[in-house]
Every structure is written in C-alpha cells, then in structure tokens.
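The values are calculated or read from the model by the stated rules, or taken from the named source; none is laboratory data. Just so we're clear, the structure is a prediction, and the values are computed from it rather than from any experiment. Ideal geometry is used to build each Cβ from the backbone, glycine not excepted, and the neighbour counts take in all protein chains shown. Note: accessible area is taken over every heavy atom of the protein model, side chains too, but ligands, DNA and RNA are not part of it. Shrake-Rupley method; radii C 1.70, N 1.55, O 1.52, S 1.80 Å.
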Amino acid sequence: MSAEMLLEIRGLSKSYSGVRVLNSVSLSVRKGSVTGLIGENGAGKSTLIKCINGVTRPDAGEILFAGETLRRTTIESALRRGIVTIPQEFNLANEMTVRENIFLGHELKHGGVFLNHSAMRKRTAELLERLESRISPDAEVSTLSIAEKQIVEIARALNRACRLLIMDEPSTVLNPPEVENLFRIMRAMRGDGISIIYVSHKLNEVKTVCDTVAVLRDGEFVCEKPTAELTARDMASLMVGRELSRIFPPKPAPPAEDAPPALELDGVTLEKLVHHASLKLHRGEILGLAGLGGSGRTELAEAVYGIRKTVSGRILVNGREVRIHSPAQAVASGIAYLTEDRQSSGIIQTFPLAWNCSLISLRKYCLASFIRKKKENAAAEEYIRRFRIKTNSGATPIGELSGGNQQKGAIAKSLDHSPEIFIFDEPTRGIDIKSRGDIYSFIGELARRGMACLIISSDLEEVIGLCRKVAVMRGGTVAGILEDEHVNEKEIMYLATGVK
Amino acid sequence: MNRNQTTLRKQRAWTDILNESKPFLALAALLLVCIISNEHFRSPQNLINITRQVSYTGIVALGMTFVIIAGGIDLSIGSLLALAGVSGIMLMGKIADPAAAVLAAFAATLAIGILGGVVNGAIITLGKVPSFIATLGTLSIYRSLSLYMADAGTVSSSNDMFRALGSADFLGLPLPAWVFFGLAVVFGVILRQTSLGRHICATGANAKAAEYAAIKTGTVRFITYAIAGLTAGVSAFLFSTRLNSISSTDAGLSYELDAIAAAIIGGTAMNGGRGSIAGTVAGVFILGIISNALDMWGAPVNLQGLVKGSIIIIAVLIQRQKNA
Ligand SMILES: Nc1ncnc2c1ncn2[C@@H]1O[C@H](COP(=O)(O)OP(=O)(O)OP(=O)(O)O)[C@@H](O)[C@H]1O
Ligand SMILES: [Mg+2]
C-alpha cells in the first residue's frame, strides 16, 4: 500500500440473503482528498459504506485503513480509528435534543462522572454556527425539518475526531447556500489532511467538490477517475452504462384563464412560520414552490394536508372552500402529499413494498373490506416495472431496499389513490439521474391528464427544469411568482433571499 | 434473471416460514416431550382438560394480540373479566324465566366487557393517556367495582340452564374450546385478510406514517380496546358458567399477564406492528401445557411462576435475535 493512500479496498463482496450486492469491489482513497462515489439506486454505495464503517460485515475482501488491515470492524472500533459517517437514513434519537444527539455516546463530563451540560451546549452552538444554521442546541429533534435533521447529522459527524469522513447523500434536502457552505467546510477539512468519501446523485455537485470519482454499477466497480477528466454527462453514462437523453419532459402550456383553480390558497396563516400565503394551482399545471429552509414551504403543504392547523385564510378546492383537519379528509378531497421525511412519515419500513404502495388506497383493493391480495400485488409489480424499483418482489420489506428505491415506493404510495392535486415535497430525494427522468416524465404525463402538481424542492435544477411557473416563499409568505423566462436560478434566489 | 428471482423468492419464503413457525415448533417439541414422558399427561381426558383450561385465557389473549399489534397494552383485562362476570350473574338472579335470564346474563356480560373496553379506548385515544397508565388505572377501577358489587365475595347462580352450558360439549370438545377456536379463526382472518387488520398493523408499526396515509389511527386503536373488552366479556361468561359462580376477588386474576405472555411467545412484537393469531394460539397452549405438565410431574406449585417467567424471557430473546 502506498503511503499516500488512507483507505484501500480490495475484492470486497457482500450478499444479502443470497443476492450479490457487492461483487469484488476495489477502491482507494488518497489522504486529504475528496472521492465522489456514484452509481444508480441500488448499485451498492451505501452497502460499501456500511462495510467500511462496521455497520455490516463483508463476506469477502480486504479493507486497509492507514496501513492496517481492518478485521471484525464494529461501529465503535471504526469510530475509534477516525472513520466517521453521515448515514443516508438518519440515526437520530427523536425525543432527545440536538445537543444530546450530537454528544450521544461521547458526552463531555466533569471529573469523568457528571455531565458537563454547559460545555456541550457551547460546543454544539459552535458547530451549528460553523454550519451557518439557526437551529437551537436545545430543540428536540422531532420538531426539526428534514433539512435541519440533516444539518444535525453533519454537525454530529464534525464533532468527532476524524480521519475519514464518509458522507452518504448529505445534500439531498439542502438548499444551494447550505450546500455551498458544506463544500467550504469539506475543502477546509481536506486542507487539514482529512479524506472524504462523498456520495451524491447531484452530479454537478460531485463535479464541483470531488477530486476523483469512483463509479459503481450493479455492485461492480466500474472505474475511478480524476474529476477533471469527466463532465457530469460522462458520469451519468458511466453509472448507467449508456448515454442519457434529456431528463425533463416538455413543460405544459399555461392553463386556460377562466377555469377555477384546482387548489387555491387565500391568505393562509399558521400560528408560526406562515403568514398570508396565497397561490393558485390549476389543473394540468406543474407549479414549483421554492424557498430556503425555514421559509414555510413544508408547513404550508402540511396545512393543506390537514396536519397543521390554520389560524386564518381559506383553502379552496375546485373553487369550493374546504376545511381539512386530517390527512383522511385531505385524501377524500383528492389531495395527495408526499412528505419530505420518508423515514418517519413517508413509509412503513417493516411493511412489504406492496403494502406500502396500497397504504392510502387500500379500499381500492378490497371487496367488502377483504383485501384482494392478487390485485394488490399486481399493482405493486406495475410500479416496480414503471419506476424500475430494484427489488426481487413486492413482498420485500421496503426497509431492505436502497434509499432511492424506498423513495420510489413512497411516490407510488401517494400516487396510487389517483389524486387530483399532488403536493410533492422533495420528490426525487436520493433518486438517481436515470430514474429521476422516469419520474419527471411520469409527472409530466399526469399533468397532461389534468392532475395539478405542486413541486416543493430545494433542487433548483429540478424546479427550473419542470415548472413553467414558480412561487417563491420567503419568511413564511409567498414573496413572488415567476413565469416562463423568469424561472431561473438568479431570480429565484433573489426572491428567496431578498438580496441581489 | 427470472429464474434467479423465483429461487430467491422461495428462499425468502423459507426463512420467513422458519421464523414464523418457531412457536409451533416449540409447541410440537413440548407436546412430544410431555406425551413421551408422562402417561397421565397423554390421557385424552387430560388433553381435553388442558384445552378447556387454556380457552378462557386464550380468548382474552386474542383481543390482547390486537391491542399489542396496534402498539398498545391492556392491563385491565382480568379485572374487566371479573366485573363483566359479576354483573352478568347478578342480573340473572333478578329475572324469573330461566331462558330469558341466561340470555340477559349473556348480553350483559358482553355489554359490560365492551363498555369497559370502550372506556379504556376513550381514555387512551381521546384523553391521550399512555395505554400502560390508563389500563393500570382501570385495572384497579374495574376490580374495585366488582368487589363492591359482590361485597368482595362470590356470586353464584341457581339457574340450571346456566350450569348446563358450563358442561356442554360437542364432538368431545367443551364449549369454551369451540368458542376459542372459532374466535381465533375470525380474528386471524380479520388480521390477515381485511383492511382493519392491515390498519392495526400499520398503526403499530409507524403511527405517524399511518396517520399521513389517511388511516384514522385513533379510531383503529379505539377499536382494538373495544374488541379486547369484548373478548373479556365472552371469556367471563364461559368462565362463570363453568363454575356456576364467579369470585370477585379471584376471577381473571393475572389473566392480563398470561394473555400478554401468550402473544409475545407467539411472535407478536412487544412494541407493535407485527404478530399473528396462530402464534398467540400456540403461545396459549405452550403456557397451558407447561403448567399442566409441571402438575403431572409433581413440581412445587410455587415454582410454576419461575418456569413461566423464564419461558417468556427466552421467547423475547429469540424474537430479539430475529430482529438483529
Ligand atoms: N438489509 C438488507 N437486506 C437485504 N437487501 C439489502 C439490504 N440492504 C441493502 N440491500 C440491497 O442491496 C442493494 C444495494 O443497496 P444500497 O443501499 O447499497 O444501494 P445504494 O447504491 O446506496 O442506492 P441508493 O442510491 O438508492 O441509496 C439493493 O438492491 C438493496 O435492495
Ligand atoms: Mg444509498
């Protein structure tokens, strides 16, 4: 092993119940470098990471870290060696505070016995400040948004003494400024000699921040190349094994002026976070809803879906005012909502994929409240085919699928009751570039058939590519609406931040 | 690829079957050991006796299984059994016509059972009190009410029809066993084949995701407590016909523990989301056979609790292993 390598993996293989997930993978990571790790959903990226950080054991192969062969790695022994991970699925104790989570397992103590709360709070505040976040160290994690939870996971990793930082899709829900800041921190760490493995489906980010890129395809190592030699397009074709055509469908024409909107929000105000938000969403329209973290996008969507109480303002569906107090009522009014927080509210991990797909629409498969399982399974198989969900059957517990494939299941679940109005909150979170194309064209098709779509996304490229019209929120209200050629990064960010 | 997939599916099915059949394998092994080692145990009369004895707790365990799968617990079930039984027999004494009296007692026992369950459900879902606390409270309340009504004694019936029901049997099996098996089939079908069953599992597995998926989780949990109350009522009626009386102090005592234990031994996840009725039935028989066999072998009565407790802990350890 050459002295400049921190990590060398040779011939690593791993199977889950007889299925090869990693097949003789080799990879090396240089000291003080950022290695991008890319591959389609289910290619084995997270599994490779879990083999390195001791979450699971490989079946065969060798891992050398700082010149030493790692054997029987456990989570603790990996941490002790300085292998720190930001996992794809968060590992936070929801009922505890941000500070408690950040110091979980290595609390600071007075004289080795009593917890030193003030030191931990101070350190937490410093970490959060470094991440330019306004989260309170004493906030309970369950009250945080998904982007905030992501920041807490990052802060927790930064709080560890580390030689190798592994980041499994840390940026999926972050906004452009937050991503910029994250990259600044990563570059500083690299300058200190720390190595980073960075997993992302946002290939432009990989291009920006990584020194080399390693590609996995179907559990096989494809290649590792200097980023300078590759364009984002090249990376996509290496992942997929062929050229990719454009991924966004043509934008639908503007709706007829006289039709009443499918969904109209008129001065909707919540107790906190949202004030006098108004917007109109027409049938067949794909409306973007952009804004920074904390601008109230998700809260507004949750109010429409009956999860949050409105204080004042009206919600109209097809021109008629509705009062929605629960998701059940929202669904009855033809509204679907795909939550941003897949893990806690989007899917039921222990349920088979097929049961997740029919979770909302179960009645459709019932005859006098008896479930017709054949029909239910057939519907799941259809989604597996259409969204290319990588699994061996609809009977697999959804928690055993890769992150991106779980997300596809969550989309299927929300679509299956044939809503008229669909609010997507971070719809393509963790989904690879090829499947993203599938999902975009599916959304386009639904819009053509008259469904009204509202797309909440921190991924500006996605908003700009999909939507002819974008509402931008700032400080809890709709700051402005952009159309046609005004839908571009500069104008969106101007409205979102209020500064040019 | 396709062939690969089918063999895969088969493999998965195999490990699933093995995991799900643990309680049945344990039951079969236990039966085998007891049958070989003790001639009294294997007498048909003893086997029928075991079946009768386990039926009373078994019926209650069915309701408990629903409650636990939906993410709750019902500690009040034994007290509720006593309250329902006492109410039934007391009402019976006030009605002259014997047939009408038995019918009225039956209706009253069931009604009190359901009412008790509804009260539990209301406290837990409307009052948002954790189920452990709420039913710990009603455990005390229901027992106290039945003690008060019966003056801390035993209420008996003098109705011959009622007594006759207690020794009724068909095709060699006593009535409670038929009711137990019949209800087990119904509960099993509800859990596996109907939307209510699916919603019970979803509520226990991830209440927030279920709520977001338009499932009325409060209603679902409420229903499970009402059903548990119903099973307490059914069991109370059968139990009091057997003895032709019911003791307000002893009836249903620690039934909640046996019911919880049976469900857990049968593979129901303690924190909800997963479980099976067939497993619970196996669990009920495992507990019943062990206590019967210990009697047969002449083990000290006071040590039976030790054995039962150890079995429960071992069952949970095995479950834990599967989840890891
Ligand atoms: N615990 C598990 N049990 C069974 N199969 C698993 C398990 N974990 C992962 N797999 C399978 O391993 C394969 C690779 O999954 P992995 O999570 O490594 O993919 P990934 O490259 O991280 O994908 P994504 O981009 O979607 O996160 C998937 O097909 C998945 O179904
Ligand atoms: Mg992954």
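Observations on the model:
Okay, residues lined up against (1) under 15 Å from B:Phe66 (Cβ atoms); (2) within 14 Å of chain A (Cβ to nearest Cβ); (3) out of contact with any strand residue (DSSP E or B) (no Cβ under 9 Å at 6 or more places or on another chain):
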site: B:Asp160; (1), (2), (3): no, no, yes
site: B:Gly172; (1), (2), (3): no, no, yes
site: B:Ala184; (1), (2), (3): yes, no, yes
site: B:Ser195; (1), (2), (3): yes, yes, no
site: B:Gly204; (1), (2), (3): yes, yes, yes
site: B:Thr231; (1), (2), (3): yes, no, yes
site: B:Ile246; (1), (2), (3): no, no, no
site: B:Ser254; (1), (2), (3): no, no, yes
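- Just one of the numbered conditions (1) under 26 Å from the mean Cα position of the chain (by Cα); (2) under 22 Å from A:Glu169 (Cβ atoms) is not true of A:Thr97: (2).
- Among residues of the stretch A:388-403 that are more than 13 Å from A:Asn41 (Cβ to Cβ) and among the polar types (S, T, N, Q), those with a Cβ under 7 angstrom from a residue that is more than 7 Å from ligand 1 (Cβ to nearest atom) and open to solvent by less than 20 Å² (accessible area, probe 1.4 Å), sequence gap 6+ or separate chain, pair up as A:Thr396/A:Leu353.
- The set of residues in the stretch A:249-270 being under 27 Å from the mean Cα position of the chain (by Cα) and open to solvent by 40 Å² or more (accessible area, probe 1.4 Å) consists of A:Pro250, A:Lys251.
- Filtering the stretch A:340-354 to residues that are open to solvent by 10 Å² or more (accessible area, probe 1.4 Å) and either facing chain B (nearest Cβ under 7 Å) or in contact with a Gly (Cβ under 7 Å, 6 or more places away or on another chain) (or both) leaves A:Ser344, A:Gln349, A:Thr350, A:Pro352.
- Subset of the stretch B:88-125 [under 18 Å from the mean Cα position of the chain (by Cα) and of a type in the set (Val, Ile, Thr)]: B:Thr109, B:Ile112, B:Ile114, B:Val118
- The lone exception for A:Glu376 - which of (1) open to solvent by 30 Å² or more (accessible area, probe 1.4 Å); (2) among the acidic types (Asp, Glu); (3) within 14 Å of chain B (Cβ to nearest Cβ); (4) more than 16 Å from ligand 2 (Cβ to nearest atom) it fails: (1)
- Residues satisfying the stated conditions in the stretch A:16-56, i.e. polar (S, T, N, Q) and either without any contact (Cβ under 8 Å) to a residue 60 or more places away in the chain or near ligand 1 (Cβ under 8 Å from one of its atoms) (or both): A:Ser17, A:Asn41, A:Ser46, A:Thr47, A:Thr56
- Qualifying residue in the stretch A:128-138 (condition: under 15 Å from the mean Cα position of the chain (by Cα), hydroxyl-bearing (Ser, Thr, Tyr) and within 24 Å of A:Glu100 (Cα to Cα)): no
- Cβ-Cβ under 7 Å pairs, at least 6 apart or on other chains, the stretch A:168-179 side at positive phi, far side more than 16 Å from ligand 2 (Cβ to nearest atom): none
- Residue match in the stretch A:205-224 (condition: within 16 Å of ligand 2 (Cβ to nearest atom), within 24 Å of A:Ser133 (Cα to Cα) and not hydrophobic (A, V, I, L, M, F, W, C)): yes
- Taking the stretch A:29-44 as the range and being polar (S, T, N, Q) and away from ligand 2 (no atom under 14 Å from the Cβ) as the test, the residues that pass are A:Ser33, A:Thr35.
- Taken over the stretch A:136-168, the residue count meeting the criterion of being at pLDDT 90 or above and within 16 Å of ligand 2 (Cβ to nearest atom) is 3.
- Number of the exception - A:Val98 against (1) closer than 23 Å to A:Ala188 by Cα; (2) more than 16 Å from ligand 1 (Cβ to nearest atom); (3) surrounded by 18 or more Cβ atoms within 10 Å (Cβ to Cβ): (1)
- Criterion (over 30 Å from A:Lys45 (Cβ atoms), open to solvent by less than 20 Å² (accessible area, probe 1.4 Å) and either assigned by TED's automatic domain parsing to the domain that holds A:Ala471 or of a type in the set (A, V, I, L, M, F, W, C) (or both)) met by exactly one of A:Ala236, A:Ala277: A:Ala277
- Of all residues making up the stretch A:154-206, the number that are closer than 21 Å to A:Ala236 by Cα and among the charged types (D, E, K, R): 4
- Residues satisfying the criterion are absent from the stretch A:33-43 (criterion: closer than 19 Å to A:Phe65 by Cα and open to solvent by 20 Å² or more (accessible area, probe 1.4 Å)).
So that you can scan it fast, the table gives a plain yes or no per residue for (1) more than 16 Å from ligand 1 (Cβ to nearest atom); (2) open to solvent by less than 20 Å² (accessible area, probe 1.4 Å):
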residue: A:Ile371; (1), (2): yes, yes
residue: A:Glu382; (1), (2): yes, no
residue: A:Ser393; (1), (2): no, yes
residue: A:Gly399; (1), (2): no, no
residue: A:Gly409; (1), (2): no, yes
residue: A:Ser414; (1), (2): yes, yes
residue: A:Phe424; (1), (2): yes, yes
residue: A:Asp432; (1), (2): no, yes
residue: A:Ser441; (1), (2): yes, no
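- Tabulated pairs, the stretch A:88-117, first within 14 Å of chain B (Cβ to nearest Cβ), second open to solvent by 50 Å² or more (accessible area, probe 1.4 Å) and within 16 Å of ligand 1 (Cβ to nearest atom), C-beta under 6 angstrom, 6+ apart or interchain: A:Glu89/A:Gln343
- In the stretch B:277-299, the residues that are open to solvent by 10 Å² or more (accessible area, probe 1.4 Å) and more than 26 Å from B:Arg192 (Cα to Cα): B:Ile290, B:Ser291, B:Asn292, B:Leu294, B:Asp295, B:Met296, B:Trp297, B:Gly298, B:Ala299
- Residue count for the stretch A:185-204 satisfying the condition of being surrounded by 14 or more Cβ atoms within 10 Å (Cβ to Cβ) and farther than 25 Å from A:Cys51 by Cα: 1.
- Within the stretch A:326-339, tally of residues that are facing chain B (nearest Cβ under 9 Å) and outside any helix (DSSP H, G or I): 3
- Within the stretch A:304-325, considering residues that are closer than 30 Å to A:Leu401 by Cβ and open to solvent by less than 20 Å² (accessible area, probe 1.4 Å), the one farthest from the other protein chains (Cβ to nearest Cβ): A:Val304
- In the set (1) open to solvent by 20 Å² or more (accessible area, probe 1.4 Å); (2) in contact with a Lys or Arg (Cβ under 7 Å, 6 or more places away or on another chain), the condition left unmet by A:Glu132 is number (2).
- Scanning the stretch A:72-87 turns up one or more residues that are within 12 Å of ligand 1 (Cβ to nearest atom), under 30 Å from A:Leu230 (Cα atoms) and open to solvent by less than 40 Å² (accessible area, probe 1.4 Å).
- Filtered residue count, the stretch B:150-209, keeping only those that are more than 30 Å from B:Lys94 (Cβ to Cβ), charged (D, E, K, R) and in contact with a helix residue (DSSP H, G or I) (Cβ under 7 Å, 6 or more places away or on another chain): 2
- Residue match in the stretch A:213-229 (condition: away from ligand 1 (no atom under 16 Å from the Cβ), open to solvent by less than 50 Å² (accessible area, probe 1.4 Å) and under 21 Å from the mean Cα position of the chain (by Cα)): no
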